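To start, the structure under review is shown below, and the notes come after it.
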Amino acid sequence: MEEYVKEILYVYPLLVTVEKDYEEHIKNRALLSYKSGMTAERLVEYLAEEIVWKENLTALKAGVERVMDKLSQTEKALLEIRYFGRKRKEKILKTEAGQAWSRRKYFRMQDKLEERLDGLFIKEGLTKETYIQSWAESEPFKAVRKRLQKRERQKREALTGAGTR
């Protein structure tokens, strides 16, 4: 799976409340403008930038939701388990016949879903280029990227350390 898709999926739970949170933030900054210490011109620029950023994140959220609308219930459950912090007890999913999936089947299904998500994100216009231009350098995405890189580094070190013993 493309790294940018992972980053977007890990940030998605934050995007759910972004519109309301940013509206409140912008409103509060405007109401308390007399305490800001900024010039009126700079404050207006700041508020305009925040409004554009809010709309940008809202558009990303809508794009991810359109992608998720194309997924089956099983695929949505797999997505929630891996990326949206759903409880581990729900990791044991069941087929329509009520049989528990094996670990092997669960991971194969996750791999298949990841391949499908790459294609769905591109079809939705959420390409790597748009991601880099619009969201990649913002704080939540940078934090997720840093965490993913650290996890990847730890995996490599574990494999390297295991091979030298």
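The values are calculated or read from the model by the stated rules, or taken from the named source; none is laboratory data. The structure displayed is predicted, hence computed values, not measured ones. Glycine gets a Cβ as well: all are built from the backbone with ideal geometry, and neighbour counts include every protein chain shown. Note: accessible area is taken over every heavy atom of the protein model, side chains too, but ligands, DNA and RNA are not part of it. Shrake-Rupley method; radii C 1.70, N 1.55, O 1.52, S 1.80 Å.
Summary of computed values
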| item | result |
| --- | --- |
| Across Lys54/Lys123; Lys20/Lys155; Lys61/Lys146; Lys6/Lys27; Lys54/Lys128, pairs whose alpha-carbon gap is larger than 30 Å | Lys20/Lys155; Lys6/Lys27 |
| Over the chain: helical MRE at 222 nm, DSSP H runs n ≥ 4 each giving -39500 (n - 2.57), nearest 500 | -25000 deg cm²/dmol |
| Highest-MSF residue in the chain out of Gly37, Gly125, Gly85 [GNM, Cα springs under 10 Å] | Gly37 |
| Inter-probe distance in nm under a simple model that places probes 7 Å from Cα toward Cβ, at Glu55 and Ser36 | 1.8 nm |
| The chain - charge dipole about Cα centre, Lys and Arg +1 at Cβ, Asp and Glu -1, debye rounded to 20 | 1360 debye |
| Accessible-area composition of the chain, carbon plus sulfur, in percent [1.4 Å probe] | 52 percent |
| Proximal aspartates and glutamates relative to Lys76, as straight alpha-carbon distance under 12 Å, when same-chain residues fewer than 8 apart are discounted | Glu65, Glu114 |
| Chain lengthening between Glu137 and Lys123 when straightened (0.36 nm per residue, less Cα-Cα) | 2.8 nm |
| Computed P(r) (all Cα pairs; the chain; 10 Å bins; percent) | 9, 29, 30, 19, 9, 4, 1 |
| R0 of 25 Å, Cβ-Cβ distance Ala158-Glu3: FRET efficiency to nearest 0.05 | 0.80 |
